[in-house]
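The values are calculated or read from the model by the stated rules, or taken from the named source; none is laboratory data. Quick caveat, the model's predicted, so the values are computed rather than measured. We place every Cβ from the backbone using ideal geometry, glycine too, and count neighbours over all the protein chains shown.
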Amino acid sequence: MTSYRKLLRVTLLAAALAFTLPAEAGKRDNSIKWAANQVPESLDAYFNNVRIGVILAHYIWDTLVYRDPKTNEYKPSLATAWRWVDDKTLEFDLRHGVKFHNGEAFDADDVVYTLNFVSKPENKSTTQQNVNWIASAEKIDQFKVRIHLKKPFPAALEYLAGPVAIYPGKYYAKVGPKGMSEKPVGSGPYMVVENQPGRLVRMKRNPNYFKDSPKPQPQIETLELRLIPDQNTQTAELMAGGLDWIFNVPPDQAEQLKTVPTLRVKAGETMRVVFLTMASGDKTPTPILKDIRVRKAIIHAINRQAMLKTVVGESARMINTLCFPAQFGCTDEGAPRYDYNPAKAKALLAEAGYPNGFDIDLYAYRERPQTEAVIGYLRAVGIRANLRFMQYAAMRDAIREHKAGFAHQTWGSFSVNDVSAMTPVYFKFSADDVTRDQQVRDLLEAGDTSVKPEMRKVAYKNALKRIAEEAYVVPMYSLPVYYAYAKDLQFQPYPDEIPRFWESRWK
Amino acid sequence: MLQYALKRAVLALLVALTVSLICFLLVNLSTDVATAMAGEGATAETIDAIRHQYGLDRPLAVQYFEWLGHAARGDFGDSLYFHTPVAALVAERMPTTMVLGAAALGFALLLSIPLGVIAALKPNSWIDRLALTIAVVGQAMPTFWFALLLMYLFGVTLHLLPISGGDTWQHFILPSVALGYYATPAIMRLTRSGMLEVLESDYIRTARAKGLRNTSVLFKHALRNAVAPVVALAAVQLGFLLGGSVVIETVFALNGLGYLAWEAIGHNDFPVVQAVVLLISLVYIVLTLLADLANAWLDPRIRIA
C-alpha cells in the first residue's frame, strides 16, 4: 500500500506539474494559509499533547522567558529578569505594560494563577511532564513572583521558555480549560478570531503586541490553519493555491515538489533522534546482546552516513551519543567513534563466537524504510534481523515486559533543549531502561539535579561517554522535516519544529 | 409476511450483538488499552493509574456488558481525546456523512441505471462492453486512488472544484463521485441483468404486440419491474458507502463520522472507535434488513423459502 501510494504521488505530481497555476493564495491578502494533519483535542496548551497544539501555543501565548532558536540563549519575555534564589526557587521580575487579547493587564496574579492551576495533578493537565516539577508559584509583589520547585530541576528555565505558557488569570479562572480551548486568550503575537474544532483556526495579528517582545512584531495579517489529515490532499491544495505552507512532506514528495516553479522546499533538522536499543541488562530477552563485541559489531555494520543520504534526507546529521547535539549537556567529546566497517563487524562476531552470524528480532514502529535499510546492513555481516513492525504502544509494552531486546526507536525530547529530557529516559532505571548501568544512572542523576551548569555538563559528558564506550545503544542520526511553501513567502525553519510566522513576510 | 419479518428482525438483532462483541474484543485485545492511552513516554505507574481509573483492570466480560448496557441507552461514554461525550461528537459529525452517503448513492444510481439499461438494450455491442469496462474499473480501482485522480484533475489542473473541506455544496461533488463510483458496478450489473430478463418476458412481448411505443414499453413496463431489486441493493450499497466514508472523508478532509473514526484510531480513542464501528454496522444491518423485507414483499417466493 505504501509503495502503491508512493508511485501514485510521483505519477500524479509529474502529470500535474505542467498544468499548475501559480500558488501564493495568501500573498494577495497578506495571510498565510497553512495545514496540519493533527487535530488538537483542546487549544488549551496544557490540555493537548500534539505537535500542532505546541505550535499554536507559541502564537497565542507568551512565556516568562524566550529561548532564541538561533543562539539557544534565554531572553526576557514576560519576565525581564530572573535569578535562582536557591536550588529549588526561581524568582522573576515581570514586565510592565503587557496586555492580554481581552484587555486584561498582565501581572504576578496571572503567573501565580496559571502555574498553580496547571501544576495541580487534580486539574488533570494532559502535559504533566511539563509542569509536575512545580511545587507552587508565589506572588512577591505585583510584578515579582517566585516559583518553588519540588526538587532541584535545572531544566526549569527550558520548560518556562517552551511549553509553560502564561494565561490571563481572571479569564482562566472564569472559563477554565474548556472555555480557554473554545476561545483562547493570551498575550501572544496572534489572536484567535475563529475556532472550528477539527476544521480550522483563524488568527489575526495582535495590534497591541508588546514592543519589547523577543518575538518580532508580526507582519502577516492573518493566519488560517486548516486541518487536513491526508498528506496528498495537502500537497494538492498547495499546488492549487489553496494553501501557502505545509510541513512533514515525505522526502520523495519533497523531491518532486522542488521542480514546481511556484514553490520552495526546505529541509529542517528536528530534535527527534533515532537510535537502536540493545537490551544488555539481566532480564534481556536477547542474551547475545550482553556481549559487548556483538553490540560493537552491530554498530560497525551499519552505514549511517549512507543512510543519511539515501533514506533519511537533507539536514539530518549523524550522532555519536544518545542526545540531540544542540541540547544542553549533549556532547560526543571523548566518546568513541564507531565507523562503518563490515569487516571489523564480522571479526568481532567471530571473536564473540558467532562466525556465521545469528538470528534476532528487530522491533520498530516508524520510519520503516530506515529500519529495512538497517536490516540490510546487518544481513551483510551475517546478522539475520527479522523485522517486527508494530504500533508504538505495542512495541513499548514488549520492551518493558522484556520481550523485545533489539528495537529501532526515536525520541523527540518534547522539544526540550536539555539532555535531561532525553538520555535519562533510557538510562535512569525507568521501565524503558534495558541496560541498568548503575554508574550511568548516578552520573545522569548528578546532571539532572545540580543547578551548576558546569557540573551538569561534566556529569552528562561522562554518562554519555560511558554509554558509548559500552556500546549500549546505536546512536543513529537526527530526523529532518521537509517544508513546502509558496516561493514568495519568507520562512526560516528551526530544530524545535515551531514555524515562526511572526518572522515571516511576503516578498 | 409478518412471521418472515420477525425472523429477519431477530436475526438482525443477533448479528448486531455479534458485531458489538467483535468490535469490543477487537479493540480490547489488539493492544493494551491503558498503555496506548498513556502515550509516548508514560511511566508504568501512570499506565497502572489509567488502567484503574477507567476500570480496565476488571474482567473483559464485565467491561463488555457494562459498555453494551450504556450503548443501548445511547451513552457511549466520553471521548478519551476530545473529553466530550461520544454521542455528542457522533451527532455533530453524522450529518456530513449522511449527506455524503446520499449524494454518493445518488451519483451511483444516476450513472449505473442508464448504463445498465443501455447495455441491456444492446447486449454484446460496443456500448455494452463500454458499460462493463466502466463497471470493472469502478470495482477494481481503490477509492483513494480515484479520489486523488479527481482531485488533481478537477482541483489542481482545471481549478474547477474545491479540493478539500466541506463548507459549500461544491465541496461534496468530488467526494460523492469518488465514493459513489465504487457502488456503480453492482447496481449497473443488476439493472442490466434485470432488464434483459424482463425484456424477454411474455408481458413485454404482449405490450409490443399491442403496438405500444418502444419508450413506453421500456420505461413504463420494463424498467419499473427491472429496477425493483435495485432499490433493495441500493439500500445495502448505502451501508457500504458509509463504511467507505472513512477513506473518502479523510482524503477530502470532510468532518464526518469517517474522519472521526480515522482521528479516533490515530489517538487510541477507543470509546469513539467502538461507537463509530458499532453505529455504521448497525446502519448496515438495518439497511440489509429493510432490503430483505423489500425483496420479500416484491417476491413472495422469498418469504416461502
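Things to note:
- Checking B:180, B:155, B:194 one by one, the residue that is assigned to a helix (DSSP H, G or I), within 19 Å of the chain's Cα centre (by Cα) and crowded, with 20+ Cβ neighbours inside 10 Å is B:180 and no other.
- Scanning segment A:215-234 for residues that are farther than 20 Å from residue A:484 by Cβ and surrounded by 16 or more Cβ atoms within 10 Å (Cβ to Cβ) yields A:215, A:218, A:222.
- Test for residue B:20: is it within 27 Å of the chain's Cα centre (by Cα), more than 9 Å from chain A (Cβ to nearest Cβ), polar (S, T, N, Q) and surrounded by 12 or more Cβ atoms within 10 Å (Cβ to Cβ): yes
- Scanning segment B:109-127 for residues that are assigned to a helix (DSSP H, G or I) and either in contact with a Ser or Thr (Cβ under 8 Å, 6 or more places away or on another chain) or touching a residue at least 12 places away in the same chain (Cβ under 8 Å) (or both) yields B:109, B:111, B:112, B:113, B:115, B:116, B:117, B:118, B:119, B:120, B:121.
Residue-by-condition table, conditions (1) surrounded by 22 or more Cβ atoms within 10 Å (Cβ to Cβ); (2) in a loop (DSSP other than H, G, I, E, B); (3) not polar (S, T, N, Q):
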site	(1), (2), (3)
A:404	yes, yes, yes
A:441	no, no, yes
A:444	yes, no, yes
A:455	no, no, yes
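- Test: residue in segment A:305-321 that is part of a helix (DSSP H, G or I), polar (S, T, N, Q) and either surrounded by fewer than 18 Cβ atoms within 10 Å (Cβ to Cβ) or within 14 Å of chain B (Cβ to nearest Cβ) (or both): yes
- Against the conditions (1) surrounded by 20 or more Cβ atoms within 10 Å (Cβ to Cβ); (2) under 13 Å from the mean Cα position of the chain (by Cα); (3) more than 14 Å from chain A (Cβ to nearest Cβ); (4) not small (Gly, Ala, Ser), residue B:286 satisfies every one except (1).
Residue-wise test of (1) in contact with an Asp or Glu (Cβ under 6 Å, 6 or more places away or on another chain); (2) not hydroxyl-bearing (Ser, Thr, Tyr).
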| residue | (1), (2) |
| --- | --- |
| A:195 | no, yes |
| A:205 | yes, yes |
| A:212 | no, yes |
| A:233 | no, no |
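- Restricting the first member to segment B:74-85 and to residues that are within 12 Å of another protein chain (Cβ to nearest Cβ), and the second to residues that are surrounded by 15 or more Cβ atoms within 10 Å (Cβ to Cβ) and part of a loop (DSSP other than H, G, I, E, B), the beta-carbon pairs closer than 6 Å and six or more apart or on different chains are B:79/B:269; B:80/B:269; B:81/A:41; B:81/B:267; B:81/B:269; B:82/A:41.
- Positions within segment A:201-247 being part of a loop (DSSP other than H, G, I, E, B), under 17 Å from residue A:37 (Cβ atoms) and within 14 Å of chain B (Cβ to nearest Cβ), in sequence order: A:228, A:229, A:230, A:242, A:243
- Any hit, segment B:131-145, residues being under 16 Å from residue B:235 (Cα atoms), touching a Phe, Trp or Tyr at 6+ places or on another chain (Cβ under 7 Å) and not basic (Lys, Arg): no
- Residue list for segment A:171-194, restricted to those being in a strand (DSSP E or B) and surrounded by fewer than 18 Cβ atoms within 10 Å (Cβ to Cβ): A:193, A:194
- Exactly one residue among A:495, A:480 is under 30 Å from residue A:260 (Cα atoms) and either among the acidic types (Asp, Glu) or not in a strand (DSSP E or B) (or both), and that residue is A:495.
- Residue pairs whose Cβ atoms lie under 6 Å apart, separated by 6 or more positions or on different chains, with the first residue in segment A:77-96 and within 15 Å of residue A:108 (Cβ to Cβ) and the second among the small types (Gly, Ala, Ser) and part of a strand (DSSP E or B), are A:92/A:79; A:93/A:81; A:94/A:79.
- Residue within segment A:193-200 that is more than 14 Å from chain B (Cβ to nearest Cβ) and modelled with pLDDT of 95 or more present: yes
- Scanning segment B:132-144 for residues that are of a type in the set (Gly, Ala, Ser) and touching a helix residue (DSSP H, G or I) at 6+ places or on another chain (Cβ under 8 Å), we see that the one that is farthest from the other protein chains (Cβ to nearest Cβ) is B:135.
- Filtered by the rule that a residue be surrounded by fewer than 21 Cβ atoms within 10 Å (Cβ to Cβ) and either outside any strand (DSSP E or B) or within 11 Å of another protein chain (Cβ to nearest Cβ) (or both), segment A:382-394 gives A:382, A:390, A:391, A:392, A:394.
- Residue check, residue B:243 among the small types (Gly, Ala, Ser) and either at pLDDT below 85 or more than 23 Å from residue A:196 (Cβ to Cβ) (or both): yes
- Sole exception among (1) more than 10 Å from every other protein chain (Cβ to nearest Cβ); (2) more than 29 Å from the chain's Cα centre (by Cα); (3) small (Gly, Ala, Ser) for residue B:91, by number: (2)
- The lone criterion from (1) assigned to a loop (DSSP other than H, G, I, E, B); (2) away from chain B (no Cβ under 14 Å) left unmet by residue A:347 is number (1).
- Subset of segment B:256-268 [within 9 Å of another protein chain (Cβ to nearest Cβ) and either among the small types (Gly, Ala, Ser) or buried (at least 24 other Cβ atoms within 10 Å of the Cβ) (or both)]: B:259, B:260, B:263, B:266
- Near pairs, Cβ below 7 angstrom, 6+ apart or cross-chain, from segment B:1-20 (under 11 Å from residue B:285 (Cα atoms)) to any residue that is among the small types (Gly, Ala, Ser) and in a helix (DSSP H, G or I): B:19/B:281
- In segment A:98-150, the qualifying residues are those that are within 14 Å of chain B (Cβ to nearest Cβ) and part of a helix (DSSP H, G or I), and the one that is nearest to residue A:164 (Cα to Cα) is A:130.
- Residues that are closer than 19 Å to residue B:97 by Cβ, at pLDDT 90 or above and hydroxyl-bearing (Ser, Thr, Tyr) do occur in segment B:159-166, at least one of them.
- Tabulated pairs, segment B:145-158, first more than 7 Å from chain A (Cβ to nearest Cβ), second surrounded by fewer than 20 Cβ atoms within 10 Å (Cβ to Cβ), C-beta under 6 angstrom, 6+ apart or interchain: B:154/B:160; B:154/B:161
- Within segment A:33-52, tally of residues that are aromatic (Phe, Trp, Tyr) and facing chain B (nearest Cβ under 9 Å): 1
- Flag if residue A:104 is farther than 26 Å from residue B:46 by Cα and of a type outside the set (A, V, I, L, M, F, W, C): yes
- Within the option set B:222, B:234, being buried (at least 22 other Cβ atoms within 10 Å of the Cβ), out of contact with any Pro (no Cβ under 7 Å at 6 or more places or on another chain) and closer than 25 Å to residue B:177 by Cα holds for one residue only, B:234.
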